[in-house]
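The values are calculated or read from the model by the stated rules, or taken from the named source; none is laboratory data. Computed from a predicted model, the values in this text were never measured in an experiment. Cβ: placed from backbone, ideal geometry, glycine included. Neighbour counts: every protein chain shown.
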């Protein structure tokens with residue numbers, strides 16, 4: 001029987017980078033999934049990860065500030081280099097895709113260990129698929145750290161034929177945005193930004209038709225300019 005990691009309040013506070021009082025308050029108000037044993041709160045790590053993905057990835061309008069209060073990060077286009085992009089993945093299954101993505105991270109200098117990154121990506125998918133539907137998946141390790149990633153970045157990859165990835169809508173995945181972040185806070189903010197990006201359905205359509213890495217970056221830049229005009 002597979003062991004399911006259970007965290008104490010103290011352990012969860014370290015994992016989420018929040019103080020214990022905040023964790024207790026969120027648990028008591030059901031803002032975080034947990035349960036009590038002899039008046040002590042305990043948390044299934046798989047439930048926490050699933051909860052965060054549901055709120056931050058699948059619900060782009062979720063108020064991220066309820067969990068974290070940090071200054072905004074640079075636009076996604078500034079976190080994407082041409083060396084981070086592959087518009088023609090050769091993989092035909094989930095593990096091969098994860099292997100390709102880990103190698104892109106290694107070759108572009110985002111990670112010093114593609115082997116460890118690949119293992120972490122596999123573990124994350126076994127816990128909960130990072131496919132979010134509509135042809136998009138956001139692979140990432142469960143425990144992002146500066147030991148795994150040397151710098152932040154977003155790897156973008158596309159599969160023309162699509163990959164079975166245990167998507168909630170049962171559709172094949174064509175677009176992969178892999179989050180590379182040296183800490184959990186930045187990691188979750190990047191998830192939030194990617195989710196908001198794909199709330200605009202035309203972005204997926206344009207990325208699927210992109211013929212080059214330069215065009216992918218151009219699409220991101222155009223979307224950011226559009227968002228700025230709407231915000232004015």
Is it the case that residue 201 is touching a residue at least 24 places away in the same chain (Cβ under 8 Å), surrounded by fewer than 19 Cβ atoms within 10 Å (Cβ to Cβ) and within 18 Å of the chain's Cα centre (by Cα)? no
Residues of segment 1-18 being at pLDDT below 90 and either surrounded by 10 or more Cβ atoms within 10 Å (Cβ to Cβ) or in a helix (DSSP H, G or I) (or both), which ones? 4, 5, 6, 7, 11, 12, 13, 14, 15, 16, 17, 18
When the residues of segment 89-103 are filtered to those that are free of Cβ contacts under 8 Å to residues at least 24 places away in the same chain and over 10 Å from residue 160 (Cα atoms), which remaining residue is nearest to the chain's Cα centre (by Cα)? 102
Picking from 129, 167, which residue would you name as being assigned to a loop (DSSP other than H, G, I, E, B), surrounded by 15 or more Cβ atoms within 10 Å (Cβ to Cβ) and out of contact with any helix residue (DSSP H, G or I) (no Cβ under 9 Å at 6 or more places or on another chain)? 167
Only one of 146, 183 is over 15 Å from the mean Cα position of the chain (by Cα) and under 18 Å from residue 16 (Cβ atoms). Can you tell me which? 146
For residues that are surrounded by 15 or more Cβ atoms within 10 Å (Cβ to Cβ) and in a loop (DSSP other than H, G, I, E, B), tally how many sit in segment 73-112. 10
Exactly one of 211, 222 is assigned to a helix (DSSP H, G or I), in the same structural domain as residue 146 (by TED's automatic domain parsing), surrounded by fewer than 15 Cβ atoms within 10 Å (Cβ to Cβ) and over 17 Å from the mean Cα position of the chain (by Cα), and that residue is 222
Take the conditions at pLDDT 90 or above and surrounded by 15 or more Cβ atoms within 10 Å (Cβ to Cβ) and apply them to residue 52. Does it pass? no
